[in-house]
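Here is the structure we will look at.
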Amino acid sequence: MDSGGCHSPFLFHNTIQSRTLLLASLRVMKIELRFNICKLETSHVIHDDIPDLKIRVQYNIPAYLQYACRFWTNHIHQCDFDIQIAEEVEHFMTNQFLYWLEVMSVLRKVNLVTQGLRSVIAWSKVSVIMMSTGDN
């Protein structure tokens, strides 16, 4: 390492890492999310009344999918616009959005959905501005 400490092998660029984690999360959700992921008999029961819900979540929603569902919106908030992300987000919103809400519900993280969607909207607004000015 030089005297300024700038060549550490442990430094990373936050925007690049966020982009990588965002795209990986979107791809994991594209592959893994599905209707009734925990195989519940009915959706008309409060989660507190499902005695084995925690076990069903552990068995049917692996840790990497839980991470993807919980944090993809954090990562998009830190990303610059690019067309690949825009296409992946569009696909997600069209095809996996409701399944994502279901997972967030059984994880008891629905409280994070609104702020997460605000991050996606803010990112998309910046993206539209960049596209209209030709800055991408």
Matching residues, the stretch 56-111, being open to solvent by 70 Å² or more (accessible area, probe 1.4 Å), at negative phi and among the charged types (D, E, K, R): ARG70, ASP80, GLU87, GLU90
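Take the conditions closer than 20 Å to ARG118 by Cα, touching a residue at least 40 places away in the same chain (Cβ under 8 Å) and hydrophobic (A, V, I, L, M, F, W, C) and apply them to ALA68. Does it pass?
yes
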Which numbered condition HIS47 misses (of (1) under 29 Å from ILE76 (Cα atoms); (2) touching a residue at least 12 places away in the same chain (Cβ under 8 Å)): (1)
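The values are calculated or read from the model by the stated rules, or taken from the named source; none is laboratory data. Remember, predicted model here, so these are calculated numbers, not experimental data. As a convention, Cβ positions derive from the backbone with ideal geometry for all residues, glycine included, and neighbour counts pool all protein chains shown. Heavy atoms of the whole protein, side chains included, go into the accessibility calculation; ligands, DNA and RNA do not. Shrake-Rupley method; radii C 1.70, N 1.55, O 1.52, S 1.80 Å.
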